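Visitor: Right, I'll just put the structure down here and ask away after.
The values are calculated or read from the model by the stated rules, or taken from the named source; none is laboratory data. All of these numbers come straight from a predicted model, not from anything done at the bench. Note that we place each Cβ from the backbone using ideal geometry, even for glycine, and neighbour counts take in every protein chain shown.
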Amino acid sequence: MRTLIRGGWIVGYQGANHALLRDGVVVFEDGRILHVGAGFEGEVDREIDAGGMLVAPGFIDMHVHGGHRASHRLITDTGRPDYFGQPFLEISVPREGTRPAGDPRYARPDQAGATEGTDLHATFTVAELLRNGVTTFMEIGSQLRVQEGLLKEVDRLGARAYLGPGFDSGRWVADGQGRLKRALDEAAGWREFEGAVDFIKRVEGSCGDRVRGILIPREAETCTLDLLRATRKAADELKVPVSTHAAYNIIEFYELVTEHRMTPVELLESVGLLGPDLTIGHGNLVAENPQLNFAGGRDVELMGEYGASISHCPVNIARRGRCLDSWERYRKAGVNIALGSDTYPRDFMMQMRVASYFGKVIGHNLRAATAAEVFEAATLGGARALGRDDLGRLAPGARADIIIVDISGRGTLRYGPVRDPIKSLVECGIGDDVRTVIVDGEVRVDQGRIPGVDIESVRRQAQEAAEAAWDHLQDWDALGRTAEEMSPWSFPLLK
């Protein structure tokens, strides 16, 4: 079916970046864009009226951890200083011999409720992403069962995804005194790696080519050098991208420098992983970051030299009192910056806004991290990281992954007068402004509604699951804390 979208503002593509067109049209057919311009002379089967709205390429979320993230609600405004505020350690490192309760990402396959919990996580994740205008996402490191659940929902709801089970050579646990302790299991790591390769071979190009594979050694510090080298070999053979968490954690940085006399980025270079097909999860605690006081570092320069990408998750790291230091430095070095949500909310307007504001403040430059640059990171940055010139843009031949955003404020004065729609979107927009989402030429969100998803039911189920998880925190927490002890109420409860 040939469809024409008649817009208020169109984010077209010209040269190597976006370009704005007022009162233009976008025409697509069979999942591909045919035409972007002021008008169209050919016949069409359907017309979508986007008058007064913004028609743009769908966002690409390059750092997704599936689920409703109930555990992260416990570390707002708090955290263990001996973990240096590193959030995943706080809410995923169990006492030795236990597993985090209520989170199906860590459940044993035969555990009661594991399947139902995984299905809820998958629906919640894909629905939230689509509702916020994310048409392509990359899940970074969850186990096979989680990837299978996501695959099913991606197929049902029509999103585009890069999936692949994570693997590593051992995880962190806590000893009897709540101290971090490495639980090594290299044999299990190789089994996970082989399972990831098998999964990728099975799903590559599935769901109408909306699903592609990606190799995810979960963290640089939890993988042996041999496993990292094997990742590079497999990526070259399978022709798939790679992503890993690196340069994101003070403990990680210290451990790798102590063990290998190399920074995390230098280590990735030494095993051959650093390159244009690698996306480094976060990549913010590099040697040059003043918080590390590491002399003579050149991590940003190395990432730029190899054409690597980072998945910058501005909201998530800001909550931990951190930032990218600095946006301008990374851009000048040639590092490709893509955006990710990591945890919550998966509101890409919020991600862009925080990235822009922190980029200006940390760079001491009001012209840094402009609205144009953060919008580019949210679209073209992800496409570059994935090696895709058919995503992240509205141009003839590109995939018809399109969002329509209501920039009227929808009964509010939030936007005020709009002169430049991208600047207004970044400064004033929220995810709920996305009205229509089209993936591969198919409407997946219509007037804010996702066919086949009862949002209120999903929200209610997520709340119930979260309450159960919070009630059982003491069963596995490294320090044996209750939810109230770990995360005190913002204000005292009235008696």
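Visitor: Considering only residues that are under 18 Å from Lys233 (Cα atoms) and part of a loop (DSSP other than H, G, I, E, B), which ones fall in segment 270-290?
Guide: Val271, Gly272, Leu273, Leu274, Gly275, Pro276, Asp277
Visitor: Checking Asp198 against (1) over 20 Å from the mean Cα position of the chain (by Cα); (2) under 24 Å from Tyr306 (Cα atoms), which test does it fail?
Guide: Among (1) over 20 Å from the mean Cα position of the chain (by Cα); (2) under 24 Å from Tyr306 (Cα atoms), Asp198 violates only (2).
Visitor: Given the conditions (1) surrounded by fewer than 22 Cβ atoms within 10 Å (Cβ to Cβ); (2) part of a helix (DSSP H, G or I); (3) in contact (Cβ under 8 Å) with a residue 24 or more places away in the chain, and given that Tyr357 satisfies all but one, which numbered condition is not satisfied?
Guide: (3)
Visitor: I'm checking my understanding of the structure. Among residues of segment 290-318 that are under 20 Å from Tyr357 (Cα atoms) and of a type in the set (Gly, Ala, Ser), which one is surrounded by the fewest Cβ atoms within 10 Å (Cβ to Cβ)?
Guide: Ala318
Visitor: Out of segment 1-20, which residues are buried (at least 19 other Cβ atoms within 10 Å of the Cβ) and closer than 19 Å to Gly397 by Cβ?
Guide: Thr3, Leu4, Ile5, Ile10, Val11, Gly12, Tyr13, His18 - these are the residues of segment 1-20 that are buried (at least 19 other Cβ atoms within 10 Å of the Cβ) and closer than 19 Å to Gly397 by Cβ.
Visitor: Does Ser457 satisfy the condition of being touching an Asp or Glu at 6+ places or on another chain (Cβ under 8 Å), outside any strand (DSSP E or B) and over 30 Å from Gly387 (Cβ atoms)?
Guide: In short, no.
Visitor: Counting residues that are out of contact with any Asp or Glu (no Cβ under 8 Å at 6 or more places or on another chain), assigned by TED's automatic domain parsing to the domain that holds Thr98 and surrounded by 23 or more Cβ atoms within 10 Å (Cβ to Cβ), which strands (runs of 3 or more DSSP E) fully inside segment 176-269 reach at least 1?
Guide: Those strands (runs of 3 or more DSSP E) span 242-246.
Visitor: Please identify the pairs in which a residue from segment 45-59 that is in contact (Cβ under 8 Å) with a residue 60 or more places away in the chain has its Cβ atom under 8 Å from the Cβ atom of a residue that is among the acidic types (Asp, Glu) and buried (at least 23 other Cβ atoms within 10 Å of the Cβ), counting only partners at least 6 apart or on another chain.
Guide: Pro57/Asp401; Gly58/Asp401
Visitor: Separate question: Please indicate, with yes or no, whether at least one residue in segment 297-309 is at pLDDT 95 or above, out of contact with any helix residue (DSSP H, G or I) (no Cβ under 7 Å at 6 or more places or on another chain) and part of a helix (DSSP H, G or I).
Guide: Looking for residues that are at pLDDT 95 or above, out of contact with any helix residue (DSSP H, G or I) (no Cβ under 7 Å at 6 or more places or on another chain) and part of a helix (DSSP H, G or I), one finds at least one in segment 297-309, hence yes.
Visitor: Looking at this structure, is Arg384 of a type in the set (Lys, Arg) and within 19 Å of the chain's Cα centre (by Cα)?
Guide: yes
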